[in-house]
Amino acid sequence: MTISAFSSHRLAVTGMSCAGCVAAVEKALRSTPGVATANVNFAERTAQVSGDASPSILIQAVRAAGYDAAELKDAVAESERDAAEQIRYRRLIRNSIVAGALAAPLMIAEMVGWLPALTTPAGQGFWMVTGLLTLVALIYSGSHFFTGAWRQFRHHNANMDTLIALGTGAAWFYSMLVTLLPASVPSLAQHAYFEAAVAIIALINLGSALESRARGKASAAIQRLLGLQPKTARLIEGDQERDVPIEILQPGALIRVRPGEKIPVDGAIVSGQSTVDESMLTGEPLPVAKQVGDSVTGGALNKIGTFVFRATRVGEETVLAQIIASVRQAQNSKPPIGRLADRVAAVFVPSVLIVAVLTALAWFNFGPEPRIGYMLVATLTVLIIACPCALGLATPISIMVGVGKAAEHGILVRDGEALQRVGQLTTVVLDKTGTITTGQPTVTTVVAAAGFSEDEVFAVTAGLEAGSEHPLAQAILDAARERGLVIPAVEQFEAIVGHGIRGSVRGQVSLVGNRRLLEMQKIDVTPLQAEAERLAVTGQTPIFVAVNGQAVGIVAVADPLKSDSTMAITRLRKLGLKVVLLTGDHLATAQAIAAQVGIERVYAEVTPTDKARIIVGLQADGEVVGMVGDGINDAPALAQADVGLAMGTGTDVAIESAGITLVRGSLYGVADAIALSRAVMSNIRQNLFGAFIYNILGIPLAAGVFYPAIGLLLNPMLAGAAMALSSLTVVSNANRLRGFQP
């Protein structure tokens, strides 16, 4: 199985503080020549960029926008970024403690009336010292807000840092003015706000630290996937064995795996046998028996046996590496619901600055005395409470957790749009072979027309099928070898998509395929029709064989149902979905299979083009359609559907055409994906509702809209605490998804 990922670069972006920063960085990247797509994940502080632009050009573009970036191209860079995040967390905690150590005594003294008046000599000296200590605390604990605001100002932008720097800076400058020149303001406005400025810095630093810790939990799925990869492998070289770093392994290397060890890379067993826990890949908890010839996957856990395998895929080519790349790509993408927040965030900070100016003017012109004091408090509170962190986190944090949770259950989501859309499906269309059935058919019956033997019919069939990639081909070849038949050579082989194959066998033009293939060639199938119908109604697939324009026989193949198909389809129906069977197989066979699993609507004997056309028809009827398939012939329908879901056991073409890959190859994955999507979208809506309501109610409250009626004016320190709490609430709500169980 191959999990495809777009050719892209992943960047760690530093300096982002709110959703407005996301818009600025995305704009800078998307306007860079050679960039096809660019998505910034505020929750993870990363950017995923695809196109022809080099990493150095992309980094320059980010820096030109007032931020910094570095390429994340390997595990070392990832670990360095994680280490930097840990350092940042500790610094934020330290900043909060330093600022809080000054703010707490001032607040307590203010509440109990211990602080001296500004107009006394002793009071002036006390407040001067307090102002200098506050300045030290602002520089030590809040310098990143001021430098960030200045950097944005130089680039003609504004963000959360701008709001915090303006608010706390204005509070400090006003307080110092009152301390140095108390007579310059009315007596009722002679009040210092040093404790408010430093308390806000303490609270915001603490909130950012707690948010950082919670965001780390949100990315736990990626960390677990990275942790699956062992650091070393037991390399066999001649008669010697030695442990080597997995980075030096090459395809073809022989590697020994002992009990309890993780398999280092992908390969095939050449000696020994064991049972392997592949739950990291499939979400299936039961160990899988492995023997010589079986494939093994890097990151899976060997249980009880020991074996030697030959490496086939190493480094970024392994399934685990591609899963990690796929999950990261999806986590950095945006569902349609998230673009609303992006549009709002792009204009949010400038709008807040306008509201702050209007608030200041309103209080200065119409407010009661001390109007300057009221003006400062209201304006400061508006600036602090309106920081749009929660808005920027609302969507990406839920997507991060949801996509990671999906990967744990063997569901690989290509992007956020597929994750959102799959929860909106009203109809699920299922292919038959390899989707409802195992895709491992066996030959059950051979019928020869008058004048031909079964072996003759079977030999022609096997000869043509030797050149086919169809799932039925291998079953026919295996059965031919079991019969001891000599498989004849084929010339002028041609695959006729959706119908069968044609070629020259022993100098005779031969056809193998469905009834329609023979009818297209004007070959009479009437002598075999009754027998074909009898086989089909028992769930067997009749394959017609013709030689030199004459129908010579039928080879019947049966493909057993997967053990969980019936229960999985029942679960889909309980979720309120219509289920449709869509197959190129014989109608009677398709109806027999449909009856066994409880599907009422069946389309059979259809070509790949017909499949896509039927999907279009369902969409025209107002259905939101999900197509589930595993073969090359399903690719057009997978691409046409609102969401394509490919069986991970299927072909690379099908997986490339799908928005979601079901690694386990079970239809239960479809129901799991739908249930998870609905949970994630509900979580995002909760986050967005909370973020919007917080600002819709908080900004008017901070501006003092309710003061004339009920005398309510919000304290700036409470605004700082509310701002920090809003982000923490969004992240904590998203982390509830980590407990999701399908």
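Summary table
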| item | result |
| --- | --- |
| Options ILE599, ILE696, ILE593, ILE674: the member that is of a type in the set (A, V, I, L, M, F, W, C) and under 29 Å from the mean Cα position of the chain (by Cα) | ILE674 |
| Complete set of residues in region 653-693 that are more than 30 Å from PRO608 (Cα to Cα) and open to solvent by 40 Å² or more (accessible area, probe 1.4 Å) | ARG678, SER682, ARG685, GLN686, PHE689, PHE692, ILE693 |
| Conditions (1) modelled with pLDDT under 85; (2) surrounded by fewer than 20 Cβ atoms within 10 Å (Cβ to Cβ): number failed by PRO716 | (2) |
| All positions within region 231-255 that are in contact (Cβ under 8 Å) with a residue 40 or more places away in the chain and open to solvent by less than 70 Å² (accessible area, probe 1.4 Å) | ILE236, ILE246, LEU249, GLY252, ALA253, LEU254, ILE255 |
| Contacts under 7 angstrom Cβ, first residue in region 18-32 being at pLDDT 90 or above, partner surrounded by 23 or more Cβ atoms within 10 Å (Cβ to Cβ) and acidic (Asp, Glu), 6 or more apart | none |
| Unique match (being part of a helix (DSSP H, G or I), open to solvent by 70 Å² or more (accessible area, probe 1.4 Å), touching a residue at least 12 places away in the same chain (Cβ under 8 Å) and among the hydrophobic types (A, V, I, L, M, F, W, C)) among LEU102, LEU138, LEU177, LEU133 | LEU133 |
| Subset tally (residues that are part of a helix (DSSP H, G or I) and either surrounded by fewer than 21 Cβ atoms within 10 Å (Cβ to Cβ) or not aliphatic (A, V, I, L, M) (or both)) for region 320-339 | 10 |
| Top-ranked residue in region 105-130 [being assigned to a helix (DSSP H, G or I) and in contact (Cβ under 8 Å) with a residue 40 or more places away in the chain; ranked as farthest from GLU71 (Cα to Cα)] | GLN124 |
| Cross-chain or 6+ apart pairs with Cβ under 9 Å, region 436-464 first and within 30 Å of GLY598 (Cβ to Cβ), then of a type in the set (Phe, Trp, Tyr) | VAL443/PHE458 |
| Hits in region 246-269 (condition: in contact with a Lys or Arg (Cβ under 8 Å, 6 or more places away or on another chain) and within 15 Å of ALA321 (Cβ to Cβ)) | ILE246, PRO251, VAL265, ASP266, GLY267 |
| Scope region 471-527; condition in a loop (DSSP other than H, G, I, E, B) and under 24 Å from PRO608 (Cβ atoms); matching residues | VAL497, GLY498, HIS499, ASN514, GLN521, LYS522, ILE523, VAL525 |
| Residue ranges of strands (runs of 3 or more DSSP E) in region 537-625 with at least 1 members open to solvent by 50 Å² or more (accessible area, probe 1.4 Å) and free of Cβ contacts under 8 Å to residues at least 24 places away in the same chain | 601-603 |
| Members of region 342-371 found to be closer than 30 Å to LYS27 by Cα and of a type in the set (Val, Ile, Thr), listed by number | VAL344, VAL347, VAL349, VAL352, ILE354, VAL355, VAL357 |
| Unique residue being buried (at least 24 other Cβ atoms within 10 Å of the Cβ) and under 30 Å from MET627 (Cβ atoms) when the list is ARG414, ARG421 | ARG414 |
| Region 352-366: number of residues that are crowded, with 19+ Cβ neighbours inside 10 Å and either within 16 Å of LEU177 (Cβ to Cβ) or free of Cβ contacts under 8 Å to residues at least 24 places away in the same chain (or both) | 1 |
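The values are calculated or read from the model by the stated rules, or taken from the named source; none is laboratory data. Quantities reported herein were computed from a predicted structural model and do not represent experimental measurements. Cβ: placed from backbone, ideal geometry, glycine included. Neighbour counts: every protein chain shown. Surface areas here come from the heavy atoms of the whole protein model, side chains and all, with no ligands, DNA or RNA. Shrake-Rupley method; radii C 1.70, N 1.55, O 1.52, S 1.80 Å.
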